[in-house]
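**Q** Mind having a look at this structure? Questions to follow.
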Amino acid sequence: MIMRRRAAFAAALTAALMAGCGFKLRVAPNFAFQTLAVTPEKNGLVAADLIRYFGKAVVPLAPTLGTLAPQVIVDILQEAREKIVVGVNASGQVREFQLKIRIQFRMRTPDGRELIAPTDISQQRDISFNESAVLAKEAEEVLLFRDMQADLLQQLLRRLAAIKTLDSS
């Protein structure tokens, strides 16, 4: 009985401390738009992830008969991936790489009003290299690029959600 009360008190105290510091669970973002177009529509991996995230809310840039025009257009202006050597041993063999992924995007209305100016988002990770485990390191590199891409998508979604209104005020 005393253990239950202590556990309940500890849980209540933890909840009060968490609420007092401003902590709250992450919720799905609310967007000020219902439909959007993504350009380039199929070119980049981040654009493909963005299209997959929004699903049926993605409409063609040039609407066909019976379809709605997009409320906003998200232009993926550039997507670049880099692999840079940052460490070598005394005999010149590579020991460490730096992986980078960067996107540049903007958000605008179909009439050309810019909601988000061209903005860069980037991620980087360091990866050690060992020539005796090349296949494992290649697989690790693929996973790191995928992780960075997911992080970029989350940052992009937060920036899109920061737009609270589409009014021209």
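**Q** Tell me which residues, restricted to region 82-98, are in contact with a Lys or Arg (Cβ under 7 Å, 6 or more places away or on another chain) and either farther than 17 Å from Q123 by Cβ or in contact (Cβ under 8 Å) with a residue 60 or more places away in the chain (or both).
**A** G87, V88, N89
**Q** Does region 51-63 contain at least one residue that is more than 22 Å from D111 (Cα to Cα), over 18 Å from the mean Cα position of the chain (by Cα), surrounded by 11 or more Cβ atoms within 10 Å (Cβ to Cβ) and touching a residue at least 12 places away in the same chain (Cβ under 8 Å)?
**A** no
**Q** As an exercise: evaluate V134 against (1) part of a helix (DSSP H, G or I); (2) within 25 Å of A47 (Cβ to Cβ); (3) not basic (K, R) and give the number of the one condition it does not meet.
**A** Condition (2) is where V134 drops out.
**Q** Of all residues in region 12-39 being at pLDDT 80 or above and of a type outside the set (S, T, N, Q), which is surrounded by the fewest Cβ atoms within 10 Å (Cβ to Cβ)?
**A** The initial filter retains those residues of region 12-39 that are at pLDDT 80 or above, namely 30-39.
Adding the requirement that they be of a type outside the set (S, T, N, Q) leaves 31-33, 36-38.
Details: F31: 17, A32: 15, F33: 18, L36: 20, A37: 20, V38: 26.
It comes out as A32.
**Q** Next question, about the same structure. Does region 141-161 contain any residue that is small (G, A, S) and free of Cβ contacts under 8 Å to residues at least 12 places away in the same chain? Full working, then the answer.
**A** The initial filter retains those residues of region 141-161 that are small (G, A, S), namely 150, 161.
If we keep only those that are free of Cβ contacts under 8 Å to residues at least 12 places away in the same chain too, we end up with none.
Taking every residue of region 141-161 in turn, none turns out to be small (G, A, S) and free of Cβ contacts under 8 Å to residues at least 12 places away in the same chain.
**Q** Could you tell me whether any residue of region 120-136 is modelled with pLDDT of 95 or more, closer than 18 Å to F31 by Cβ and among the β-branched types (V, I, T)?
**A** Yes, region 120-136 contains at least one residue that is modelled with pLDDT of 95 or more, closer than 18 Å to F31 by Cβ and among the β-branched types (V, I, T).
**Q** Name, by its number, the condition in (1) modelled with pLDDT of 90 or more; (2) over 30 Å from S132 (Cα atoms) that does not hold for E82.
**A** All conditions are met except number (2).
**Q** Now for a different question. Taking the condition of being in contact (Cβ under 8 Å) with a residue 40 or more places away in the chain and crowded, with 17+ Cβ neighbours inside 10 Å, how many residues in region 64-73 meet it?
**A** Here the count works out to 3.
**Q** Shifting gears a bit: Residues in region 94-133 that are over 22 Å from A80 (Cα atoms) and among the aliphatic types (A, V, I, L, M): how many?
**A** Count: 3.
**Q** Quick check: anything in region 106-116 in contact with a helix residue (DSSP H, G or I) (Cβ under 8 Å, 6 or more places away or on another chain) and in a strand (DSSP E or B)?
**A** Narrowing region 106-116 to residues in contact with a helix residue (DSSP H, G or I) (Cβ under 8 Å, 6 or more places away or on another chain): 107, 116.
Subsequent filtering for residues that are in a strand (DSSP E or B) retains 107, 116.
Yes, region 106-116 has at least one match.
One line per residue, one yes/no per condition, for (1) buried (at least 16 other Cβ atoms within 10 Å of the Cβ); (2) among the small types (G, A, S); (3) outside any strand (DSSP E or B):
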position	(1), (2), (3)
D75	yes, no, no
Q78	no, no, no
I84	no, no, no
G92	no, yes, yes
E96	no, no, no
I121	yes, no, no
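**Q** Checking the conditions here, which among S128, S132 is farther than 20 Å from V38 by Cβ, polar (S, T, N, Q) and surrounded by 12 or more Cβ atoms within 10 Å (Cβ to Cβ)?
**A** Exactly one residue qualifies, and that residue is S128.
**Q** Output the residues belonging to region 127-142 that are farther than 16 Å from G92 by Cα, small (G, A, S) and under 25 Å from the mean Cα position of the chain (by Cα).
**A** Selection gives A139 alone.
The values are calculated or read from the model by the stated rules, or taken from the named source; none is laboratory data. Keep in mind that what you see is a predicted model, and the values were worked out from it rather than measured. Every residue, glycine among them, receives a Cβ derived from its backbone with ideal geometry; neighbour counts consider all protein chains shown.
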